[in-house]
Amino acid sequence: MSEDKEAIANSSQESTQEILKKILKKIHENGEGRSVYDLGNPALIAGTFDYLRLESQINDLLGKTADGRQNCGALIKLLTMQLLNVPHQMLSDTSLFMESIPSEVILGNGNGNEIKPEQACRADIAKLLDAISIFGTEELFDSLSRQVFDRLGIEPQEAQIESSVFYYSDYESEYDSSQLILNQRCGRENTELNHASDIVLVDSLSRIPIGIIKSDDSAGEKRSEFDKASSCLPELRKKFPKLQSVSRKRLPAKGSWRCCQRPEITVDSMYLEDSSRIEVLLFLMGTALLVYAATEYLARKVMKEKNLSLTGPERRVNTSPTGNFLLSYISFLDTSLVLNRCTGEWSVVNLNGEFASLLIALGHEWMKYFVETSYACMKREGRS
């Protein structure tokens, strides 16, 4: 094994073990007669997903190709929450992640239509990946991005290019020997590692993604990223009539990786089985970036309108937070839903005034996940 492969193996194995230990600690009783479920970032991202009405949009588009019993929109919502769950961002052990959140409400509003943890197993997720591939990743993403811009009332006029190269190598783990790691730090010249790449076009002003472009050239033809992006303009203009041009000024080379704090992320091997699965993985990363960027845009907008701020490290006041600052801030709060088994009552804990004010300013789609009454439908004894 080369030094690069060994470094990836060691770092990813350690981080995976740490992540799983923390998740397991979350979902177990804490010894005080309580059950604890994570709210924080998953609930915030769920609120954005609801506001953008992406779940119903996905179900409308994938309904004819997916297994009839699958709620594809809710499953993609779940994967998006997992990808943006700072600092435990990953696409592995999704059913375990489900056990750490009050999924009855966050994935179903308590109406009995939510997906169950057993429906987030590898086999069901694989069916979803195949359904997305059959429909077409670019076509599906274009529809979702149009929906987002419509909901936000934005008309992009100029696009900029963000691109990434992801390197990955398999490694052995006591949890799942088939897990792989994506890594962005290795040099482009390293030919020993497998790699995948993506090109994301984003709105120059909001930095919200407009579309994803396949990076592979047909028939071995080599074209610049600018040429590839420009050739997609006629198709993109069908959904954005006002989109005029692609800027030659490139944004920092992080692409869909911009929504991830760490240079590594653990993914299940099924996402990297072949080129079509890799395309779906890049679609999921792009969708996470779409929701991440919309969350950032909306938070900055309402904070400016309401003169709100968040106090970061070293007591620094932030009035226009990046998405990563916002997710880190919320993760540090550790906002949770707690069931006191002695009284049978649910409580939302670790919700400070700054974050509560932001949630109120954002609106009902977000606030509903941070009030106790939303969880009255959940069993008093908590999830077994």
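The values are calculated or read from the model by the stated rules, or taken from the named source; none is laboratory data. None of these values were measured; they are calculated from a predicted model. Cβ placement follows ideal geometry from the backbone for every residue including glycine, while neighbour counts extend to all protein chains displayed.
Below is a table of values for the structure above.
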item	result
Test result for T322, under 22 Å from the mean Cα position of the chain (by Cα), crowded, with 16+ Cβ neighbours inside 10 Å and either at pLDDT 95 or above or closer than 28 Å to S206 by Cβ (or both)	no
Residue in region 281-290 that is among the aromatic types (F, W, Y), touching a helix residue (DSSP H, G or I) at 6+ places or on another chain (Cβ under 6 Å), in contact (Cβ under 8 Å) with a residue 12 or more places away in the chain and crowded, with 21+ Cβ neighbours inside 10 Å present	yes
Any hit, region 46-54, residues being in contact (Cβ under 8 Å) with a residue 60 or more places away in the chain, under 20 Å from V148 (Cβ atoms), surrounded by 22 or more Cβ atoms within 10 Å (Cβ to Cβ) and of a type in the set (G, A, S)	yes
Count - residues of region 364-384 that are at pLDDT 90 or above, surrounded by 11 or more Cβ atoms within 10 Å (Cβ to Cβ) and either touching a Phe, Trp or Tyr at 6+ places or on another chain (Cβ under 6 Å) or not aromatic (F, W, Y) (or both)	8
Filtered residues of region 358-382 (kept if more than 24 Å from the chain's Cα centre (by Cα), in contact (Cβ under 8 Å) with a residue 24 or more places away in the chain and not in a loop (DSSP other than H, G, I, E, B))	E372
Unique match (being in contact (Cβ under 8 Å) with a residue 40 or more places away in the chain, surrounded by fewer than 23 Cβ atoms within 10 Å (Cβ to Cβ), over 17 Å from the mean Cα position of the chain (by Cα) and part of a helix (DSSP H, G or I)) among V302, V338	V302
Odd one out for P234, checked against (1) within 26 Å of the chain's Cα centre (by Cα); (2) modelled with pLDDT of 85 or more	(1)
Residue that is farthest from Y329 (Cα to Cα) [pool: residues in region 75-94 that are at pLDDT 90 or above and not aliphatic (A, V, I, L, M)]	T94
Qualifying positions in region 164-205 - of a type in the set (S, T, Y) and either modelled with pLDDT of 80 or more or in a loop (DSSP other than H, G, I, E, B) (or both)	Y171, S173, Y175, S177, S178, T191, S204
Of all residues in region 305-318 being assigned to a helix (DSSP H, G or I) and at pLDDT 90 or above, the one that is farthest from S357 (Cα to Cα)	E305
